[in-house]
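The values are calculated or read from the model by the stated rules, or taken from the named source; none is laboratory data. The structure presented is a predicted model; accordingly, all values stated were derived computationally and were not measured. Neighbour counts run over all protein chains shown; Cβ positions are idealised from the backbone, glycine included. Ligands, DNA and RNA are stripped out before the accessible areas are found, and what is left, the full protein with its side chains, is counted by its heavy atoms. Shrake-Rupley method; radii C 1.70, N 1.55, O 1.52, S 1.80 Å.
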Amino acid sequence: MIAVITVVALATFSTRVLPFVLFRSVQPPKILFIIEKNLPPMILLLLVFYCLKDTQWSQSPYGIPEIFTIIVIIVLHVWKRNAMISIFTGTCLYMLSVKYNVFSNLFL
């Protein structure tokens, strides 16, 4: 177990240090600036698609809890510009709406 932890720690450390070593005296390529700017939103979009992949769009509640939560998260994030508030509120809202079948009761 100690050997595995040591190897994982060294691999993680080396991947964090490598860019600083490589680009110490050389200007990084322009593509890295594009990736740095666009990677976080692309990852979040990928997570949204992953979360929606098992949604039952043809059965009650027809994905309404997911859509409602996404809309609330977008509005909250545009308003407050705080990712932690958006993520925490969205997670709590979705879990509560699914647990208590808030939107399923609308289609009975």
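Rolling a 1.4 Å probe over the heavy atoms of the protein chains gives the chain an accessible area of 86 Å² per residue.
Computed from the Kirkwood radius of its Cα pairs, the Stokes-Einstein diffusion coefficient for the chain at 20 °C and 1.002 mPa s stands at 121 µm²/s. Helix 2-22 and the long axis of the chain differ in direction by around 70°, with both axes built from C-alpha atoms.
For segment 43-108, the fraction of 1.4 Å probe accessible surface lying on carbon and sulfur atoms is 73 percent. Exposed loop sites were defined as chymotrypsin sites (Phe, Trp or Tyr not before Pro) in DSSP loop states (anything but H, G, I, E or B) carrying at most 11 other C-beta atoms within 10 Å; in the chain the longest segment without such a site runs 1-56.
Qualifying trypsin sites (Lys or Arg not before Pro) in segment 1-100, where qualification requires a DSSP coil assignment and no more than 11 other C-beta atoms within 10 Å, comprise ARG24, LYS53, ARG81. Note on the chain: lysine pairs with Cα distance below 27 Å, sequence gap of 8 or more or different chains, count 4.
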